[in-house]
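**Q** I'd like to ask you about the structure that follows.
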Amino acid sequence: MSFVTGLILIDAPASALNNLGNIPGSLTDNAVGVKAISTREGAYPYVSAQAFRYWLRETIREQVAEWQNSPVFREKKIAYTDANPILYWDDDLFGYMRAPSKQTEAVQQREQSGLVSNATPTAETVTRVSPFRVSTLVSVGPARLINDFGVMARQEGDPVPHEHQFYRATLQGLFSLDLNAAGTFTYADRTGYLNLDEPRIRLAEQKQLQHLPALKAYRLPTAERLQRVRALFSGLAALSGGAKQTLHYTDVSPDVVFLAVTRGGNHIFGHIFASQGERAALNLPALEEALTVHREDILSDVYVGWVQGFQDGERSRLLDALQNSPALAAWQGRLHVDHPRRAFEALSSALESHPEWLE
C-alpha cells in the first residue's frame with residue numbers, strides 16, 4: 001500500500017486560531033480563551049483535527065472550481081452528507097457514516113428543492129474510513145498565553161470590557177493520504193468498509209467503474225482519482241481559516257512542508273523538528289536517520305516546501321547539509337527544496353508519472 005506522507009508547519013506570530021470559550025475565573029464575563037495542552041514545560045496551543053479538516057474542506061470548496069462537494073442534510077440533532085463517494089469528492093477523501101433511519105426528512109428536503117435526481121437512499125448503514133488522515137496542529141514548543149484586554153466604547157454609558165487570549169507559536173501538523181483507498185470503494189460487510197450498498201453498487205455499475213472482486217470493491221479510472229488527489233493538495237497548499245482573523249489575521253497556509261510517497265502508513269517525518277524557544281528548529285540528525293532507515297520505503301523523491309523569510313537560517317542549514325552531510329548527500333537529486341505550493345505541485349506531477357502507486 002502507498003501513502004502520501006506529509007508534515008506542515010504554520011507560523012502563528014500572534015494568533016488565536018482555535019478557541020475554547022469563556023475562561024473560568026477571568027476578570028470579565030466575556031473572556032475567550034485559546035485551546036492549549038497543559039504540561040510541566042508550559043502550555044502548547046493547538047488547533048483540533050476537526051477544525052483543521054474544516055479549514056481544508058472550506059478552502060477546497062471556495063478555491064478549487066472542479067471540486068464536487070457532497071450536500072449536507074440536517075435532521076433534528078444530527079447532520080450527514082449524501083454518503084456517495086462515486087459522485088462527491090469529499091465523501092471519497094474525507095469519509096462518512098450514514099444510517100438508514102436518518103434519511104426520511106432529507107429525502108423530503110430534496111423533493112422540495114428539486115434534488116430528487118441526486119438522491120441516494122440507503123437501506124443499511126454505510127460507512128467509509130477516511131483515506132485522508134490528519135493530526136492535531138500542535139505548537140512545536142511551549143508558548144506563553146497572552147491576555148489581551150479591550151473595551152466596547154462606541155455606545156453611550158460605561159465601556160463594556162472584554163478579554164481574549166492569544167499566543168506566538170509554530171504549529172506542526174501531520175497528514176497521510178492512502179493512495180490505494182482514494183477513489184476505491186469497498187462493499188465488505190464491516191464497519192468503515194461498507195462504502196457501497198445496493199443503490200451505490202448499481203450506480204458504480206452504471207458508470208462502468210472497474211470491479212475488483214478480490215477486494216470487494218469498485219474503482220474510479222486513474223485519471224479521475226488523480227484529479228481528486230490534486231484538488232486536495234491544492235487546498236492544502238492554499239489553506240485558510242481560523243478564529244480571530246479580524247484581530248490577528250494569521251496566514252495559515254503552510255510555511256514548511258515535507259512530502260513523500262511511502263510504502264506503509266507510518267509517518268517518517270514526525271520528529272524532524274524540535275523546539276528552539278518559541279520557534280521551530282530543524283533536527284538534522286533526525287531527518288538524516290529517517291531518510292536512511294526508511295530509504296527502501298520511500299517510493300518517490302522527497303519534496304520540501306519552505307517559504308523564504310520563515311526561519312531562513314534553518315532553511316540554509318538544510319541546503320548546506322544536502323551538500324556536506326554524507327547521509328543527505330545520498331539524496332542529491334531526490335530531495336527538492338522549493339516553495340510549498342511548488343512542492344505540492346511537484347508531488348502531484350510525480351503521482352501522474354507513477355500511476356502504479358495508486359494500485
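Table: residues versus (1) surrounded by 13 or more Cβ atoms within 10 Å (Cβ to Cβ); (2) modelled with pLDDT of 90 or more; (3) among the aliphatic types (A, V, I, L, M); (4) more than 29 Å from ALA204 (Cβ to Cβ).
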{"residue": "SER15", "(1), (2), (3), (4)": "yes, yes, no, yes"}
{"residue": "LEU20", "(1), (2), (3), (4)": "no, no, yes, yes"}
{"residue": "ASP29", "(1), (2), (3), (4)": "no, no, no, yes"}
{"residue": "VAL47", "(1), (2), (3), (4)": "yes, yes, yes, yes"}
{"residue": "ILE78", "(1), (2), (3), (4)": "no, no, yes, no"}
{"residue": "TRP89", "(1), (2), (3), (4)": "yes, yes, no, no"}
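**Q** Hey, among the residues in region 133-157 that are modelled with pLDDT under 90 and among the aliphatic types (A, V, I, L, M), which one's farthest from the chain's Cα centre (by Cα)?
**A** ALA153
**Q** Quick one: in region 122-148, which of the residues that are over 19 Å from PHE73 (Cβ atoms) and among the basic types (Lys, Arg) is surrounded by the fewest Cβ atoms within 10 Å (Cβ to Cβ)?
**A** Among those residues, the one meeting the criterion is ARG144.
**Q** Being assigned by the TED database to the domain that holds ILE10 and either buried (at least 22 other Cβ atoms within 10 Å of the Cβ) or of a type in the set (A, V, I, L, M, F, W, C) (or both) narrows it down to one residue among LEU209, LEU171, LEU215, LEU203; which is it?
**A** Matching residue, one of LEU209, LEU171, LEU215, LEU203: LEU171.
**Q** Restricting to region 243-267, count the residues that are exposed (fewer than 15 other Cβ atoms within 10 Å of the Cβ) and among the hydroxyl-bearing types (Ser, Thr, Tyr).
**A** Total satisfying the criteria: 2.
Rundown of residues vs (1) free of Cβ contacts under 8 Å to residues at least 40 places away in the same chain; (2) open to solvent by 50 Å² or more (accessible area, probe 1.4 Å); (3) assigned to a helix (DSSP H, G or I); (4) in the same structural domain as ALA238 (by the TED database), yes/no style:
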{"site": "PHE269", "(1), (2), (3), (4)": "no, no, no, yes"}
{"site": "ALA281", "(1), (2), (3), (4)": "yes, no, no, yes"}
{"site": "GLU288", "(1), (2), (3), (4)": "no, no, yes, yes"}
{"site": "LEU291", "(1), (2), (3), (4)": "no, no, yes, yes"}
{"site": "GLU296", "(1), (2), (3), (4)": "yes, yes, yes, yes"}
{"site": "SER300", "(1), (2), (3), (4)": "no, no, no, yes"}
{"site": "TYR303", "(1), (2), (3), (4)": "no, no, no, yes"}
{"site": "GLY309", "(1), (2), (3), (4)": "yes, yes, no, yes"}
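**Q** I'd like the full set of residues that are over 16 Å from VAL138 (Cβ atoms) and in contact with a Phe, Trp or Tyr (Cβ under 6 Å, 6 or more places away or on another chain), limited to region 249-272.
**A** Across region 249-272, the qualifying residues are PHE258, LEU259, VAL261, THR262, GLY265.
**Q** Looking at (1) in a strand (DSSP E or B); (2) touching a helix residue (DSSP H, G or I) at 6+ places or on another chain (Cβ under 8 Å), find the lone condition where VAL32 falls short.
**A** So the condition that VAL32 fails would be (2).
**Q** Something else now. Please indicate, with yes or no, whether at least one residue in region 234-249 is of a type outside the set (Phe, Trp, Tyr), free of Cβ contacts under 8 Å to residues at least 24 places away in the same chain and assigned to a loop (DSSP other than H, G, I, E, B).
**A** no
**Q** Identify, from the list TYR249, TYR218, the residue that is more than 19 Å from GLY95 (Cα to Cα) and of a type in the set (Phe, Trp, Tyr).
**A** When all the criteria are applied, what remains is TYR249.
**Q** Still on this structure: Output the residues belonging to region 39-53 that are touching a strand residue (DSSP E or B) at 6+ places or on another chain (Cβ under 9 Å) and either in a strand (DSSP E or B) or not basic (Lys, Arg) (or both).
**A** Residues satisfying the conditions are GLU41, GLY42, ALA43, TYR44, PRO45, TYR46, VAL47, SER48, ALA49, ALA51, PHE52.
**Q** Working carefully through the options ARG230, ARG317, find the one that is over 24 Å from GLU356 (Cα atoms), open to solvent by 60 Å² or more (accessible area, probe 1.4 Å) and in a helix (DSSP H, G or I).
**A** Checking each option against the conditions leaves just ARG317.
**Q** Does GLN50 qualify as being within 19 Å of the chain's Cα centre (by Cα) and without any contact (Cβ under 8 Å) to a residue 40 or more places away in the chain?
**A** It is true that GLN50 is within 19 Å of the chain's Cα centre (by Cα) and without any contact (Cβ under 8 Å) to a residue 40 or more places away in the chain.
**Q** If you don't mind, another one. Is one or more of the residues making up region 65-73 touching a residue at least 60 places away in the same chain (Cβ under 8 Å) and touching a Phe, Trp or Tyr at 6+ places or on another chain (Cβ under 7 Å)?
**A** yes
**Q** OK, next. Taking the stated definitions as given, is LEU322 touching a Phe, Trp or Tyr at 6+ places or on another chain (Cβ under 9 Å), among the hydrophobic types (A, V, I, L, M, F, W, C) and modelled with pLDDT of 95 or more?
**A** no
**Q** Criterion first (under 20 Å from the mean Cα position of the chain (by Cα) and closer than 18 Å to PHE233 by Cβ) does SER2 satisfy it?
**A** yes
The values are calculated or read from the model by the stated rules, or taken from the named source; none is laboratory data. All figures in this text were calculated on a predicted structure; none of them were measured in a lab. Ideal geometry is used to build each Cβ from the backbone, glycine not excepted, and the neighbour counts take in all protein chains shown. Please note that ligands, DNA and RNA were not included when accessible areas were found on the heavy atoms of the full protein model with its side chains. Shrake-Rupley method; radii C 1.70, N 1.55, O 1.52, S 1.80 Å.
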